[in-house]
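The block underneath contains the structure these notes are about, expressed in structure tokens.
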Amino acid sequence: MTDPLFDVSGRVAVVTGGMGQLGSVYAAGLAERGMRVAIFDVTTGRVPDGIRAFAVDVTDRAAIEEAAREVQAEWGVPHLLVNNAGLDSPPDAPAEEVGPFESYPESSFDTVMDVNVQGTFLCCQAIGGAMAREGRGSIVNVSSIYGLLSPVQDLYAFRRAEGETFVKPVAYSVSKSAILNLTRYLATYWAKAGVRVNTLTLAGVWNDQPQDFLDAYIARVPIGRMLEAPEALGAVVFLASEASSYVTGANVVVDGGWSAW
Ligand SMILES: NC(=O)c1ccc[n+]([C@@H]2O[C@H](COP(=O)([O-])OP(=O)(O)OC[C@H]3O[C@@H](n4cnc5c(N)ncnc54)[C@H](O)[C@@H]3O)[C@@H](O)[C@H]2O)c1
């Protein structure tokens with residue numbers, strides 16, 4: 001039996017960054033629940049049944065609009081947009097990107113802001129606008145505990161102990177904070193048009209990180225472990241479905257209690 005509260009079957013979703021670790025879990029999980037899912041990602045590749053992958057850079061308005069037109073022509077106006085595409089500095093980022101704040105490169109700041117903030121803004125314009133004209137829709141903007149709170153620089157002490165000057169960079173945090181108020185702005189702007197807009201804030205996802213990092217990180221998580229990627233799907237299904245019909249402008253925090261103490 002399908003619970004009508006959480007039933008999303010027959011609806012259409014766009015998942016940006018859907019080829020990545022979390023996005024691929026959302027795309028597959030939504031398709032398994034009967035949604036037709038379009039992935040917008042700069043990375044392309046094979047995708048499971050029920051999913052179509054479009055080569056879209058979310059900083060490119062024309063590419064977003066072209067793919068959105070194709071989705072709409074084939075399946076209709078999306079019911080769900082998950083703004084999940086995002087950039088962070090990888091653990092092996094160039095030294096200047098993970099060096100002192102004072103010399104963090106302006107170009108890196110712009111690149112991260114372009115994808116994480118402007119990319120979300122552009123997808124909201126292109127797809128949220130169509131949802132509003134249709135009188136319904138749900139947008140999930142993905143943030144991070146590092147957008148809610150400062151990164152804990154102590155977690156990276158093990159890298160400094162190995163002789164590196166490692167500082168968790170600033171741009172990611174600033175970009176993920178911007179998501180919180182883009183969400184609130186749009187939630188109120190489109191509330192009467194039937195489009196709900198919420199933030200999904202996640203803590204660190206398990207991804208085979210170095211043991212030193214895991215030990216330091218897990219010590220700060222009340223639940224005592226990293227987030228497993230499939231555990232983020234429940235919140236996306238909730239926000240996509242009737243179960244969240246009165247939820248808009250909210251921040252759904254899936255952080256194992258990180259922000260509770
Ligand atoms: N992994 C974590 O620990 C964690 C924690 C909190 C929040 N998040 C957030 O969750 C989201 C997904 O993270 P992930 O860990 O799956 O990352 P990931 O790197 O595995 O996936 C990101 C995807 O976005 C795509 N992408 C990057 N730039 C793009 C662009 N310009 N246009 C279109 N697609 C682009 C990449 O190709 C990739 O497929 C991000 O917004 C991230 O900030 C992740």
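Residue exposure proxy: Ser245, Ser138, ordered by other Cβ atoms within 10 angstrom of their Cβ from fewest to most, comes out as Ser245, Ser138.
Sorted ascending by nearby beta carbons within 10 Å, beginning with the fewest, Arg225, Arg220 become Arg225, Arg220. Above 23 Å, the calculated P(r) of segment 1-85 contains 15 percent of its Cα-Cα pairs. Compute the separation of the alpha-carbon centres of segment 222-246 and segment 92-131 and state it in Å as a whole number. About 25 Å separates the Cα centre of segment 222-246 from the one of segment 92-131. Dividing the C-alpha radius of gyration of segment 113-261 by 2.2 N^0.38 Å, with N its residue count, gives 1.16.
Which whole-percent values make up P(r) of segment 1-148 when all C-alpha to C-alpha distances are grouped in 5 Å steps starting at zero? In whole percents, the pair-distance histogram is 2, 9, 18, 21, 18, 13, 8, 5, 3, 1, 0, 0.
Give the peptides 205-212, 140-147 in descending order of average Cβ contacts within 10 Å, highest first.
Put in order of decreasing packing, that is 140-147, 205-212.
Shown here is the pair-distance distribution of the chain: with all Cα-Cα distances grouped in 10 Å bins from zero up to the longest one, the shares run 7, 30, 36, 20, 6, 1 percent.
With axes computed from alpha carbons, what is the tilt in degrees of helix 170-189 against the longest principal axis of the chain, rounded to the nearest 10 within 0 to 90? Roughly 30 degrees, rounded to the nearest 10. Rg ratio for segment 177-251: its Cα radius of gyration over 2.2 N^0.38 Å, N being its residue count, equals 1.39. Build a GNM of the chain with springs between Cα atoms under 10 Å apart, and of Ala93, Ala250, Ala38 the one that fluctuates most is Ala93. A simple charge model with +1 on the Cβ of Lys and Arg, -1 on the Cβ of Asp and Glu and nothing else charged puts the dipole of the chain at about 1020 debye relative to its Cα centre.
Read-outs throughout are calculated quantities, based only on the coordinates presented, and are distinct from any laboratory measurement. Computed from a prediction, not measured in an experiment: that's the story for all the values here. Quick reminder, even Gly has a Cβ in these numbers, built from the backbone with ideal geometry, and neighbours come from all protein chains shown.
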